[in-house]
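This report concerns only the one structure given below.
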Amino acid sequence: MKNKQDQEYWTKRYKEESTGWDIGHPSTPLKTYIDQLTYKNSLILVPGAGNGHEVEYLFQKGFRNVYIMDISKIPLKRFHERNPDFTASHLLHEDFFEHQGQYDLILEQTFFCSFVPTKENRNAYFEQMAKLLKPLGKLAGLWFDFPLSDDMEKRPFGGSKECYLKHLEPYFKVHSFTNCYNSIPKREDNELFGVFIKK
């Protein structure tokens with residue numbers, strides 16, 4: 001794994017239980033979206049999934065081609081302890097930017113906002129997402145909608161709809177991208193829900 005610094009950073013956060021982004025259950029917007037999915041054989045990736053509550057929900061709903069990815073081994077180990085029947089080869093301890101594969105759907109949940117918000121990082125995120133999707137594959141999920149500060153250490157990093165559209169436009173068509181109506185209370189008015197289709 002090339003990005004040892006990120007691996008060490010996130011592993012330290014898990015060891016210290018400094019995981020304020022983890023709400024302990026699937027977020028309502030993604031749960032609602034998952035409930036609308038009908039094709040149980042879809043190949044689904046959830047990168048930067050942490051403890052993987054959305055992956056667990058997908059698995060409980062009968063999706064068996066779902067993959068969970070994190071740069072730290074700790075949340076993957078915890079996930080498998082909770083879900084011993086989950087296919088071990090679908091637990092991906094990898095750097096997202098090094099991963100190769102082809103998926104029908106990729107779910108985004110507090111992953112994009114974990115990267116230092118440089119133009120290069122944000123372009124690379126959408127470029128890699130597009131590479132990992134099959135033709136007409138979908139990227140769906142949540143993006144934070146609050147101003148960026150000058151603090152390059154304080155995660156999660158925010159942004160705006162206009163900013164995100166600029167970075168994703170070369171790779172995706174917008175199916176929908178709106179203010180989230182069913183955020184959990186502490187994220188109310190601070191989230192956008194988007195569904196993007198690979199160009």
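The values are calculated or read from the model by the stated rules, or taken from the named source; none is laboratory data. Bear in mind that the values here come from a model prediction, so they are computed numbers and not experimental data. Heads up, the Cβs are rebuilt from the backbone with ideal geometry, glycines too, and the neighbour counts pull from every protein chain shown.
Computed quantities for the displayed model
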read-out	value
Residue, surrounded by the most Cβ atoms within 10 Å (Cβ to Cβ), within the stretch 13-37, restricted to residues that are at pLDDT 65 or above and hydrophobic (A, V, I, L, M, F, W, C)	Leu30
Residue that is farthest from the chain's Cα centre (by Cα), among those in the stretch 43-74 that are assigned to a helix (DSSP H, G or I) and farther than 28 Å from Pro135 by Cβ	Gln60
Flag if Lys77 is more than 25 Å from Tyr164 (Cβ to Cβ), of a type in the set (Lys, Arg), modelled with pLDDT under 95 and more than 15 Å from the chain's Cα centre (by Cα)	yes
Subset of the stretch 151-199 that is out of contact with any strand residue (DSSP E or B) (no Cβ under 8 Å at 6 or more places or on another chain) and of a type in the set (A, V, I, L, M, F, W, C) - its residue that is modelled with the highest pLDDT	Cys163
Residues of the stretch 120-143 satisfying the condition of being assigned to a helix (DSSP H, G or I) and touching a residue at least 40 places away in the same chain (Cβ under 8 Å)	Arg122, Asn123, Tyr125, Phe126, Glu127, Met129, Ala130, Leu132
Among the residues listed as Lys138, Lys134, the single one being surrounded by fewer than 18 Cβ atoms within 10 Å (Cβ to Cβ) and either modelled with pLDDT of 95 or more or in contact with a strand residue (DSSP E or B) (Cβ under 7 Å, 6 or more places away or on another chain) (or both)	Lys134
Of all residues making up the stretch 97-120, the number that are touching a helix residue (DSSP H, G or I) at 6+ places or on another chain (Cβ under 7 Å), at pLDDT 95 or above and buried (at least 19 other Cβ atoms within 10 Å of the Cβ)	3
